[in-house]
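Heads up: the structure comes next, in structure tokens.
The values are calculated or read from the model by the stated rules, or taken from the named source; none is laboratory data. Predicted model only: the values in this text are computed from it and were never measured. For neighbour counting, all protein chains shown are included, and Cβ atoms are generated from backbone atoms with ideal geometry for every residue, glycine included. Ligands, DNA and RNA are excluded from the accessible area calculation, which covers all protein heavy atoms including side chains. Shrake-Rupley method; radii C 1.70, N 1.55, O 1.52, S 1.80 Å.
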Amino acid sequence: ADVLQEIPALLIGSAFLLSLLVGSFLNVVIHRLPIMLDRQWRTQAEEMLADPASPAPVTEREPARYDLIVPRSACPHCGAPILAHQNIPVVSWLLLGGKCANCKARISPRYPIVELATAILSAAVVWRFGWHWQSVAALFFTWALVALTVIDLDHQVLPDIITIPLLWLGLLVSV
């Protein structure tokens, strides 16, 4: 901790590298959270529209788990799982030429763009605030804004699961 405080370049570089990993996770959030919310909203709508007099429908099996952790990341085209060495932020996308290792289908450049944007913005935050508790708060704020920006661009939705904690964090930090 003392070394990071004394050498700002090391602190900024560490924040950049850590934030590449955070950016990779934000890609998962950006992709999966709207799907999770849509499924939740549909389930709630079906429950509200169900006729209480009719018997409940028989479901054959429980739906597969789908959240930010499960299932593992996979190619959107062929469904091949993305291995750990194929999931290194920015580097893997460049080494694979922006294509799936299995089917060679094009993978969107948005993934490394989100990772790089997260890392650059995080480095700027740490450069501005240095080794301080405000940096931590500003980093969480920045990461949430990155996720919210891309989700909003794609779906015109700002999920409460991100905005409400951000509101409370802002109020707490302002005190």
- Task: Just need a number here: residues in region 103-130 that are surrounded by 15 or more Cβ atoms within 10 Å (Cβ to Cβ) and in a loop (DSSP other than H, G, I, E, B).
- Result: 1
- In region 71-83, which residue that is within 17 Å of the chain's Cα centre (by Cα) and open to solvent by 50 Å² or more (accessible area, probe 1.4 Å) is modelled with the lowest pLDDT? Pro76
- When Trp143 is run through (1) under 25 Å from Phe16 (Cβ atoms); (2) open to solvent by 50 Å² or more (accessible area, probe 1.4 Å); (3) aromatic (Phe, Trp, Tyr); (4) within 18 Å of the chain's Cα centre (by Cα), the failure sits at (2)
- Checked Ile35, Ile30, Ile12 against criteria (within 23 Å of Ala105 (Cβ to Cβ), touching a helix residue (DSSP H, G or I) at 6+ places or on another chain (Cβ under 9 Å) and either modelled with pLDDT of 90 or more or among the β-branched types (Val, Ile, Thr) (or both)); the one match is Ile30
- Query: Which of (1) in a helix (DSSP H, G or I); (2) open to solvent by 70 Å² or more (accessible area, probe 1.4 Å); (3) among the aliphatic types (A, V, I, L, M) does Leu169 not meet, given it meets every other one?
  - Reply: (2)
